[in-house]
Structure formats: C-alpha cells, structure tokens
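Reading through the structure tokens given below for one structure.
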Amino acid sequence: MPTADCWIIENYAYRRCSYPAREFGCAVSLHNHSDHSVENIAFLNQVVKLRFMRPFRGLLQAAFGLAGIADLNYADIFYRSPLSVEDVFLTESASAAALGFAGVHLGITDHDEVAGSLELLRAHPEEEHRNLLGEEISIYFDDYLFHLGVTGMPAAGIEKLHAGLQAAARERRLDDLFEMLRASGSLVVFNHPLVPWGKDAGRKIPAEALLSRYGWAIHALEYNGMRSREENDCVLQLARQVGKPVLGGGDSHLLRASSVLSLTQAASYQEFAEEVKQGRAVALVLPTFFAPLSWKIFLRVLYFIAHYRRIGHFRGQPVGELLSGRTVLLDPAGFASRGFLSAASALGLMR
C-alpha cells in the first residue's frame, strides 16, 4: 500500500481517499491520552531476564538512580503523558483542520481515569456537543489484559459511574461491568484487541472469546494507530467474523496527533455514536500511520529518557526530588536524546 495518501476503511476494506473532508462532514478522534494517563515501564522486568542482559542488570538499575533498591520492580517507575488536556485539544483540532475539517469530535480516554475528559468539557463548554466524557478501562478476561475505550458517558453521576466501573474492573466482575456500560448508554470500543503483551506473546489471545461472551455490550473494534498494519489487518478479519464495525483510534500518547481517525457526517458526537451502534463506521488512516512501528516506539522511549527527571516517578515520588543533587547515567543519555528528538522534529521525522 502506498504511503503518500490517506486511506479509508469501509466494510473491512481499504480505499484511497485524497480529500476526506469532501466526502465526510467531521473527523472523530476517540482514543487520546493526556497527562492524566499514567504509564509504567514494567516491560523492563522481562527485558532484564534476557540472557544477554544479565551482565547489565546492575548497570541499568544504576542508570535510573536506583542501584540501592533490592529486587527492583520496574512497574514501580511510572510517568505521565506530557500533553495537557488543552494540548490534546489543540493538537487534534489542528490535525483535523489540516485535513479540511471545521472541527473534530474529541474523546480523551485516559487510563482508568475520567478526569481528563471532565477537564476538557469544563474548559470548552461551547464544544459540549463534540467533546465527550470517557476513559480507557483496563480489564482482565481469562487472565489476559484488554482495554475498552468508553466514550459518551453521561455527565450526571459521572463520578459514581466511573468509580463503579473501576471497582468492577479491579475485582474482575465483568458481568457487572458490562451491564453498567450498557445501562449508561456509552459507546464501547474494543481497543487494540490483538496486542500480544510481553510474557503472553506466544499465547492465543482470547479476544474472540471475550466478544462471544460480551459482544452484546461492545459496539466496535479499533484500528489502532500505534499497532502494526499486520495486526490491524487481523483486527479487520476478526471484526468481519463477529459482525462488528471498525473505528479508528490514534492512541499516540505523545509527540504527534493521531495517525488514525474516524469519519462521519454527524454534526454531533451523539449522532455519530448512534451510527456506530447501528453498525456504521468509517476509519481514516493518515500517511503518518505508515512510519515503522519500531520507529514510533523508539521515539517514545527516547522521550522518556530525555525527560526522565521531569516526568518520572518512583513509588509515587517525583524522580526530580529523588535524584536531587545526584547525577545518574540517564542524565547524559537524556541530553543526547533531547538533541536527537530536536533534530528529528526539524527534519519532519516525528511520527
């Protein structure tokens, strides 16, 4: 597939679309993360177990300034997306405008947190028909991690609904969780359903089993901007198999606007959500999607290294405070990373 143009996905098939704003009235950006989203680097727990990493385990731990921590769990190191709610709003709005759209239906779906979308709604009440309440809910099904993109949550009683959903997810009461979602009237999207998480990479992903059991409460599957073309094509096959529409979701977290959106003729988000619930959905794949996935992940790792002191936390304590007056190996690496990221931005390589 050439990468110099936009592509539309309709009825599980691609077609070229040079001017999407001529065919559709509005862009929809459903899967966004603001600084209310917490990320950890638990994947390093698997990396340090690799044979070639054994001589470097202590060096890596010292690089984070945590050499004195016995049995370090890298899941205890976390950071927040550097984009504020307003940053997300401006970034996604500018991206939609560059495509020729007058506006964008925008969903901030932070990890297990509704505060970002509430902040957006309060900051831009004039866009209430477009800026929707939502969150990305983490669930375990058959002991496998999945994520649900929930948008269009009702403003009345939103805190109580959020607390109830999170409690049900933590306690793995999925029957209760999906009943609450259906009763709320929210749009539920099965985000990146075929991610082979770390230690589960060789396991058959039970996405089809989850859809078989809870498909009555899931309205669409996601074509994800931070997953590979091959994996997304498998999502298209799964969606066709189970008879669900496919929506686009950026999931970019940092650096750039979403590389995959959705399209609609609907003037309001609510009208768009009703279309999806009736089985009608169109995804828009932008040229930036076709940057290699390894490059996208590399840039995000560099960003973490570049800003480790500012955005990192260890067991809730800001890394900047933890390392005050100390120099660690990530400091010179961070300096080099900032230079590389600046050069990549100047050359238009930030994807």
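The values are calculated or read from the model by the stated rules, or taken from the named source; none is laboratory data. Only a predicted model underlies this, so the values are computations on that prediction, with no experimental measurement involved. Heads up, the Cβs are rebuilt from the backbone with ideal geometry, glycines too, and the neighbour counts pull from every protein chain shown.
When the test is whether a residue is within 21 Å of Glu128 (Cα to Cα), touching a residue at least 24 places away in the same chain (Cβ under 8 Å) and in contact with a Gly (Cβ under 9 Å, 6 or more places away or on another chain), Ala281 does not pass it.
Could you tell me whether Ser258 is over 21 Å from the mean Cα position of the chain (by Cα) and either closer than 24 Å to Leu66 by Cβ or among the small types (Gly, Ala, Ser) (or both)? No, not satisfied. Those helices (runs of 4 or more DSSP H) of the stretch 285-350 in which at least 1 residues are surrounded by fewer than 19 Cβ atoms within 10 Å (Cβ to Cβ) and in contact (Cβ under 8 Å) with a residue 40 or more places away in the chain, considering only elements entirely within it, cover 293-306, 319-322, 330-346.
Looking across the stretch 131-144, the residues that are part of a strand (DSSP E or B), modelled with pLDDT of 95 or more, in contact with a strand residue (DSSP E or B) (Cβ under 9 Å, 6 or more places away or on another chain) and not charged (D, E, K, R) come down to Gly134, Ile137, Ser138, Ile139, Tyr140.
Scanning the stretch 259-284 for residues that are among the polar types (S, T, N, Q) and buried (at least 21 other Cβ atoms within 10 Å of the Cβ) turns up Ser259, Ser262, Thr264. Scanning the stretch 145-175 for residues that are in contact (Cβ under 8 Å) with a residue 24 or more places away in the chain and either outside any loop (DSSP other than H, G, I, E, B) or of a type in the set (Asp, Glu) (or both) yields a count of 14. Meeting the requirement of 2 or more residues that are under 29 Å from Ile297 (Cα atoms) and not polar (S, T, N, Q), the helices (runs of 4 or more DSSP H) wholly within the stretch 176-280 are 207-214, 229-242. Among the residues of the stretch 98-113, some residue qualifies, meaning at least one is surrounded by fewer than 23 Cβ atoms within 10 Å (Cβ to Cβ) and assigned to a helix (DSSP H, G or I). Filtering Leu72, Leu30 for residues that are of a type in the set (A, V, I, L, M), buried (at least 21 other Cβ atoms within 10 Å of the Cβ) and either in contact (Cβ under 8 Å) with a residue 12 or more places away in the chain or not in a helix (DSSP H, G or I) (or both) leaves a single hit, Leu30.
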